[in-house]
1. For the condition touching a residue at least 24 places away in the same chain (Cβ under 8 Å) and either under 19 Å from Asp260 (Cβ atoms) or out of contact with any Ser or Thr (no Cβ under 8 Å at 6 or more places or on another chain) (or both), what is the one hit in Glu332, Glu395?
2. Restricting to segment 70-91, name every residue that is over 26 Å from the mean Cα position of the chain (by Cα) and over 25 Å from Arg416 (Cα atoms).
3. Checking the conditions here, which among Gly315, Gly346 is open to solvent by 10 Å² or more (accessible area, probe 1.4 Å) and either farther than 20 Å from Lys375 by Cβ or at pLDDT 95 or above (or both)?
4. Read through the list (1) modelled with pLDDT of 95 or more; (2) touching a helix residue (DSSP H, G or I) at 6+ places or on another chain (Cβ under 9 Å); (3) open to solvent by 10 Å² or more (accessible area, probe 1.4 Å); (4) not in a strand (DSSP E or B), then give the number of the only condition that Leu335 fails.
5. When you go through (1) surrounded by 20 or more Cβ atoms within 10 Å (Cβ to Cβ); (2) β-branched (Val, Ile, Thr); (3) modelled with pLDDT under 90 one by one for Thr85, which number turns out not to apply?
6. List every residue pair whose Cβ atoms lie under 7 Å apart, where the two residues are 6 or more positions apart in sequence or sit on different chains, the first residue falls within segment 268-282 and is touching a residue at least 60 places away in the same chain (Cβ under 8 Å), and the second residue, located anywhere, is among the charged types (D, E, K, R) and open to solvent by 40 Å² or more (accessible area, probe 1.4 Å).
7. Out of all the residues in segment 368-388, which are closer than 23 Å to Ala65 by Cβ, open to solvent by 60 Å² or more (accessible area, probe 1.4 Å) and assigned to a strand (DSSP E or B)?
8. Give just the number: which of (1) out of contact with any helix residue (DSSP H, G or I) (no Cβ under 6 Å at 6 or more places or on another chain); (2) part of a strand (DSSP E or B); (3) among the small types (Gly, Ala, Ser); (4) farther than 15 Å from Ser217 by Cβ does Ser100 not satisfy?
Amino acid sequence: MLDGLYLAQEEIKQQGLIHTKVSGRYEIVQELPKDANTFDEIFNYADAYGNIRFAYIDDVHKASASATKEQKSASAIGGEIGIKTAEYNGFSFNISAYVSQSIGFLSPQKEDLNPDFVNLNQDSFAYIAQASLNYEHELFQAKLGRIQVETPYANSDDIRMAANTFEGAFAKIDYSANLSSQIMFLNRWAGYDSQDTLSQDVFKELYEDSKGVGIASLTYEYARNSELSFWVNHIDNMSQIAYAEMVGIFFIDGDAFHLDYGVQGSSIRELGDSGIEGNVYGLMSIIHYNGAFLGISYNKAFVDTDKKITDGFGGGPYYTSLDEATIAAMSEAVLGEDVEAFRIGGGYDLKQIGSGALNGFMLELVYGKLQSKDKSVNEKDIILSYEIADKWYVEGIYTKFDAPYEGKTFDRTLVRANYSF
């Protein structure tokens, strides 16, 4: 559930767990391709891009109160490498592969191998994650093929080696500088969150016996870095989800003193016999002063008998999501019960204090609690990140998870280093 934030109007960048649900997270910022004068030139002017990623994970867990502790670890090197052609009459091509290669001398034998960086056969993998025909115009953009999207209930959620990508079609219409729409149809996906009976490197149905999901949105940017958005998701054979959100940044004293805020609401209605139905509401606020920040968020899910809510296909939209726990995962564990979630956290962004050896470091401490009538989950997260000159990004995440009602606990350490080009 960790991701960065790129705000189109002011290019303000806020990294880390606490800021994953603030304004601008549904914008995919990309460098426009070069222009070509002939069709042949689109390949002559093609650009390579991607990131090289190293990751290490160590997990000490108990599956139940009566189980013994087990330790699982793994390491991998890989990332994403892609090619984007030049643009000819608005059209261009994009293709990229995700790779995760286990590092033998830094990984244990298969019986002690953490499965997060490998496929279901515990093997390394490489696959074509994106392959699309793109069209770019001043007022209209479109993609067809394997694509990455960022929406409330379908998103990349890049938390291990392979982010989520989808097969389908996407279009964005800019009616004005402040008003825009997104329309898309997605029918298959791959990536870390997609794993079920098939591996993360295999594109599979979004939901069992489902034709896919149709998504439409309307977004209005009503102030600097503030927006109001409405989303409709029709997930065949699963649910119809209406989502509304008002989110933004209120500046008190320039950029040094500002307040992030958000209000969200979801209405989830069951389709077929999925059992996925309920209403979810949430509030979020993060206050910043120079490099220091403190955030608090709250979600409440109202669920009928034998029903549950969903994160959708990715990290979900909810403000209280933690490195592991989400209100939707809690709802699935306590079918038919209302669930509420709290999250509080703070940190310091040292790049706000100017140049120096520590410039680029950020530390976050986060605590969350999710509970139903008589069951609860607690999680504590410590995140240390270091950004170097927009090319290198290193993060370390320690997660302590405790579900007392089922005796499940774990302590997990994850380290990732990325070099982008």
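The values are calculated or read from the model by the stated rules, or taken from the named source; none is laboratory data. Predicted model, so just to flag it, every value in this text is computed and none were measured. All Cβ positions, even for glycine, are placed from backbone atoms using ideal geometry, and neighbour counts span all protein chains on display. Protein only, heavy atoms only, side chains kept; ligands, DNA and RNA dropped before computing areas. Shrake-Rupley method; radii C 1.70, N 1.55, O 1.52, S 1.80 Å.
1. Working: Glu395 fails: either under 19 Å from Asp260 (Cβ atoms) or out of contact with any Ser or Thr (no Cβ under 8 Å at 6 or more places or on another chain) (or both).
Being touching a residue at least 24 places away in the same chain (Cβ under 8 Å) and either under 19 Å from Asp260 (Cβ atoms) or out of contact with any Ser or Thr (no Cβ under 8 Å at 6 or more places or on another chain) (or both) holds for just one of Glu332, Glu395, which is Glu332.
2. Restricting attention to segment 70-91, the residues satisfying the condition of being over 26 Å from the mean Cα position of the chain (by Cα) are 70-71, 85-91.
The answer is Thr85, Ala86, Glu87, Tyr88, Asn89, Gly90, Phe91.
3. Residue meeting the stated conditions: Gly346.
4. (2)
5. For Thr85, the exception is condition (3).
6. Correct list of pairs: Gly275/Asp306; Gly275/Lys307; Gly275/Lys308.
7. So the first thing to find is which residues in segment 368-388 are closer than 23 Å to Ala65 by Cβ, and the list is 368-380.
Okay, now just the ones that are also open to solvent by 60 Å² or more (accessible area, probe 1.4 Å), so 369, 373-375, 380.
Within segment 368-388, Lys369, Lys380 qualify.
8. Only one criterion in (1) out of contact with any helix residue (DSSP H, G or I) (no Cβ under 6 Å at 6 or more places or on another chain); (2) part of a strand (DSSP E or B); (3) among the small types (Gly, Ala, Ser); (4) farther than 15 Å from Ser217 by Cβ is unmet by Ser100, namely (1).
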